[in-house]
Ligand SMILES: NC(=O)c1ccc[n+]([C@@H]2O[C@H](COP(=O)([O-])OP(=O)(O)OC[C@H]3O[C@@H](n4cnc5c(N)ncnc54)[C@H](OP(=O)(O)O)[C@@H]3O)[C@@H](O)[C@H]2O)c1
């Protein structure tokens, strides 16, 4: 079975190509396909005729999306539509990757995990563009899996973000005597290797719809950093701060924990705790033995 993966050299795309080793994978980098052009998507996909298209390609720099709204909607929304239209033309299944940032914009702050059956209310341009992309992907390709993930970390690092949070913390610790880290944004960190394995399992079935796929448990960026330092033996002090003390262009949800309800209802939620996944990641990157 042929599986086309867009964003193939990105953080998730890299692990997907590895996880799909039993299949005939067509890795498509940005140089191979421009998802904002339906002509480009059609030309590439018609050449390979994949049975499944996994679209990881996105404009992922959350703050830059605030300044570059047109680009955000062009890639994250219209790009998603183009891939969905072509998947439908080919009779292929579509796996489209989305985000926990479609949530968090309600007036009453949320304190319990979001299920796939909750109505998304995004806070940022990135969140709005990804939600619009989800909706068009669902509309134009019948056999779709919308997979919402959260705070990804993978060995390849995000090409769009120039790494990931863990590597940033490990770099900053070399430069500073103390780190100040936001403690009022809570989410479920997710290892792209675990996410990729779950996508590989999901796409072979026909349980279509929206899926939350995150490692289990939740933490703030501060708590995440505490665990990174604990596992790597770093003793540099970490000071918890509020989002107000670390102003960023885009607003982030104070709570965007995803409940993998759809997987659980299907008896498929075996996603391990984020702490275990983090330990594996640190070992894979050579930060710990
Ligand atoms: N990173 C996170 O924390 C996070 C959290 C939740 C959900 N997600 C979602 O997960 C998915 C994967 O994220 P990631 O961290 O793996 O991102 P990434 O490493 O930045 O990978 C994105 C890939 O998409 C490619 N791309 C960007 N614009 C494109 C376009 N117009 N046409 C074709 N390819 C294009 C990029 O190539 P170039 O770099 O060469 O442009 C890159 O290879 C995205 O859909 C994102 O929204 C990410």
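Here, each number is a calculation from the coordinates, and none is a lab measurement. Everything numeric in this text was worked out from a predicted model, so none of it was measured. Positions of Cβ are backbone-derived with ideal geometry, glycine not excepted, and every protein chain shown enters the neighbour counts.
When the expected Rg is taken as 2.2 N^0.38 Å, what fraction or multiple of it is the alpha-carbon Rg of the range 176-289?
Values: Rg = 16.3 Å, N = 114, 2.2 N^0.38 = 13.3 Å.
Taking N as the residue count of the range 176-289, the ratio is 1.22.
For the residue pair residue 279 and residue 89, what label-to-label distance in nm results when each label sits 7 Å from Cα along the Cα-to-beta-carbon direction?
The modelled label-to-label distance comes out at 4.9 nm.
So what's the angle, to the nearest 10 degrees on a 0 to 90 scale, between helix 192-202 and the longest Cα principal axis of the chain?
The angle comes out at about 30 degrees.
For the chain, what is the percent of antiparallel DSSP beta bridges, rounded to the nearest 5? List each step's numbers first, then the result.
Numbers: 3 of 35 bridges.
If we restrict to bridges inside the chain, about 10 percent are antiparallel.
Once the convex hull of the alpha carbons of the range 48-143 is built, what does its volume come to per residue, in cubic angstrom?
Values: hull volume 9.5 nm³, N = 96.
For the range 48-143, the hull spanned by Cα atoms encloses 99 Å³ per residue.
Sort 178, 89, 134 so the one with the fewest other Cβ atoms within 10 Å of its own Cβ comes first. Walk me through the intermediate numbers first.
Values: 178 9, 89 14, 134 25.
Final ranking by Cβ density, sparse to dense: 178, 89, 134.
Just need the relative contact order of the range 52-121 here, percent rounded to a whole number, with Cα pairs under 8 Å and 6+ apart. Walk me through the numbers before you get to the answer.
Numbers: 48 pairs, mean separation 25.6, N = 70.
Relative contact order here is 37 percent.
Could you tell me the calculated FRET efficiency between residue 9 and residue 175, based on Cβ-Cβ distance and R0 = 22 angstrom, to the nearest 0.05? List each step's numbers first, then the result.
Values: r = 28 Å, r/R0 = 1.27.
Once rounded, the FRET efficiency stands at 0.20.
Using only Cα atoms, tell me the angle between helix 125-140 and the longest principal axis of the chain; keep it within 0 to 90° and round to the nearest 10.
Once rounded, one gets 30 degrees.
Test of understanding: what is the full-extension gain from residue 236 to residue 39, defined as 0.36 nm times their sequence separation minus their Cα-Cα distance? Intermediate values should be presented prior to the final figure.
On the way: separation 197, 0.36 × 197 = 70.92 nm, distance 5.16 nm.
That pair, residue 236 and residue 39, stretches by 65.8 nm at full extension.
Modelled label-to-label distance, residue 22 and residue 117, 7 Å Cα→beta-carbon offset: nm?
Reported label-point gap for residue 22 and residue 117 is 3.1 nm.
Please work out the Cα center distance from the range 224-267 to the range 3-54, rounded to the nearest Å.
A separation of 30 Å, based on Cα centres.
At 0.890 mPa s and 25 °C, plugging the Kirkwood radius over alpha-carbon pairs of the range 122-214 into Stokes-Einstein gives what diffusion coefficient in µm²/s?
On the way: Rh = 15.7 Å.
Estimated via Stokes-Einstein, D reaches 156 µm²/s.
Just 13, 157, 205 to compare: in a GNM of the chain, with alpha carbon springs under 10 Å, which one fluctuates most?
In the Gaussian network model the winner is 205.
For the chain, report the convex hull volume of the alpha-carbon atoms normalised per residue, in Å³, without decimals. Write down the numbers at each step before the final one.
On the way: hull volume 35.8 nm³, N = 289.
It comes to 124 Å³ per residue, whole-number rounded.
Relative to the longest principal Cα axis of the chain, at what angle does helix 221-232 sit, 0 to 90 degrees, rounded to 10?
80 degrees
Would you look at the GNM of the chain, springs on alpha carbons closer than 10 Å, and say which of 14, 119, 36 moves the most?
Residue with maximal mean-square fluctuation among 14, 119, 36: 119.
Quick check on the exposure proxy: order 46, 169 from fewest to most C-beta atoms within 10 angstrom. Display every interim value, and only then the final one.
Working: 46 11, 169 20.
By the 10 Å Cβ count, ascending, the order reads 46, 169.
Between 207, 114, 126, which gets the highest mean-square fluctuation from a Gaussian network model of the chain, Cα cutoff 10 Å?
With Cα springs under 10 Å in the chain, the top fluctuation among 207, 114, 126 is at 207.
Can you tell me what share of the DSSP beta bridges in the range 163-289 is antiparallel? A percent to the nearest 5 is fine.
Details: 2 of 8 bridges.
Counting only bridges with both partners in the range 163-289, antiparallel ones make up about 25 percent.
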